[in-house]
Structure formats: structure tokens, C-alpha cells
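Report on the following structure.
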Amino acid sequence: MANDKLAPADYDGDGRTDIAVYRNGIWYLLRSTLGFTQFQFGISGDIPQPADFDGDGRAELAVYRPSDGVWYVFNLLTNQFTAVQWGISTDKPVVGDYDGDGRADYAVYRPSDGVWYQLRNVGGFMGAQWGNATDKPVAGDYDGDGRTDVAVYRPSEGAWYLLRSTEVLREWRGELQRMSRRRRIMTEMDGRM
């Protein structure tokens with residue numbers, strides 16, 4: 001449906017991403033080995049953030065609720081529920097494994113001050129000023145070291161700004177229609193050229 005929120009993740013632990021959508025508090029999962037299921041967890045307005053919070057190789061159902069800044073996590077395997085206060089109503093959730101311990105960390109990007117606030121499993125709180133109010137957070141493991149990197153896309157410039165865990169600064173600008181140049185630049189950034 002038009003208002004579905006995409007929520008792909010490996011829910012059954014087979015190493016393959018499963019198809020999933022979140023609709024008004026109901027998760028619809030098409031798991032590659034366990035088949036279809038639906039599960040009520042969350043409310044309308046929640047932002048789905050499925051991730052492996054316990055390191056068992058399976059994504060938990062997780063939502064960030066902007067109205068109260070709380071993360072709600074439900075483990076389908078153990079039926080355990082967790083709630084963690086981490087964020088405010090205007091934050092953007094950016095779940096990821098920022099410390100590289102194999103478990104997802106709670107994290108938000110706050111556009112008002114451009115700061116990434118992370119509650120890491122190892123090391124606790126970490127903050128990084130990286131971005132501005134109009135940037136789009138695009139967290140991911142850009143250097144392949146097993147840790148989520150801080151990154152933003154700045155639409156006004158068509159530029160990606162990466163704060164990799166192994167480096168200090170990377171910037172990439174380019175136009176999508178210039179694919180060969182983009183591949184060359186991205187390859188240079190990865191140090192493979």
C-alpha cells in the first residue's frame with residue numbers, strides 16, 4: 001500500500017534479507033526460510049528500524065517513536081520486549097552497529113544541530129557533529145570494517161559527506177548520469193585504485 005514503510009532485514013537468521021513492510025503498527029514479513037507472518041508491534045507514526053540488537057544473527061522488530069523519543073524492540077525468538085529512551089521528536093533514527101560488536105546500537109541524527117547521538121553497546125554515549133538541517137542521514141558501512149559510518153547526503157549540493165570510522169573526512173560530488181566518473185571517484189575513495 002502507498003503508506004507502507006519498507007522494513008527489509010534478515011528476520012530468520014539465514015543470511016538473506018527478508019521482504020517486510022510496516023503498516024500502522026503491523027509488521028508483514030515474508031521470511032526466506034520461515035515463510036509469511038504478520039505481527040502487531042508499534043503504533044501509527046512509529047518509524048520501523050529493524051536490526052540485530054542482540055547479536056544472534058536475526059533482526060528484531062524495532063520502532064522509533066518520535067512522539068516520545070523511545071525505541072521499542074521486540075525479539076521474535078525470545079518474546080522479550082525492550083524500551084530505551086534515546087532521542088527527541090525531531091530526531092531521525094539511524095540504527096547501526098557503530099562500535100563493530102555485532103549488535104545494533106541506538107542512534108539518532110538531530111537535524112537542528114547536525115549531531116549524531118549514539119548509544120553504543122561498547123563505550124556508551126558518542127556524539128559526532130556531522131551535517132546540517134537539510135542533510136539526509138545515510139548511515140552505512142562505507143569502508144567495510146564492520147562498523148556503521150556516519151554519513152549525510154546534501155541535496156542542495158548533490159554531495160555525500162562521509163565520516164568513516166577509519167578516516168576523518170570524505171566528500172563526493174557527482175551527477176547520476178555520469179556513472180563512469182562516479183564509479184571512478186567512489187573507487188578512489190575506497191582506496192582500490
Listed by chain and number, the residues whose amide H is under 5 Å from that of Gly13, excluding neighbours fewer than 5 places away on the same chain and using placed H, are Ala59
How high is the relative contact order of the chain, in percent, with contacts defined as C-alpha pairs under 8 Å that are six or more residues apart?
10
Using only Cα atoms and rounding to the nearest 10 degrees, what angle (0 to 90) does helix 179-190 make with the longest principal axis of the chain?
80
Sparse-neighbourhood loop sites, trypsin sites (Lys or Arg not before Pro) in segment 1-65 - DSSP loop, at most 11 other Cβ within 10 angstrom:
Arg16
Net +/- balance of residues flanking Phe81 in space, Cβ distance below 15 Å, scoring K and R +1, D and E -1
-2
Structure-based [θ]222 nm, the chain - -39500 (n - 2.57) summed over DSSP H runs of at least 4, per residue, nearest 500
-2000 deg cm²/dmol
Centre separation in Å (Cα based) which lies between segment 40-62 and segment 108-132
20
In the chain, which longest range has no GluC sites (Glu not before Pro) that are both DSSP loop (not H, G, I, E or B) and surrounded by at most 14 other Cβ atoms within 10 Å?
1-156
Rounded to a whole number, what % of the accessible area of segment 49-156 do carbon and sulfur atoms account for, probe 1.4 Å?
52
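The values are calculated or read from the model by the stated rules, or taken from the named source; none is laboratory data. As the structure is a prediction and not an experimental result, all values here were calculated from the model. Note: ideal-geometry Cβ built from the backbone for every residue, glycine included; neighbour counts use all protein chains shown. Just so you know, the surface numbers come from the protein's heavy atoms only, side chains and all, with ligands and any DNA or RNA stripped out. Shrake-Rupley method; radii C 1.70, N 1.55, O 1.52, S 1.80 Å.
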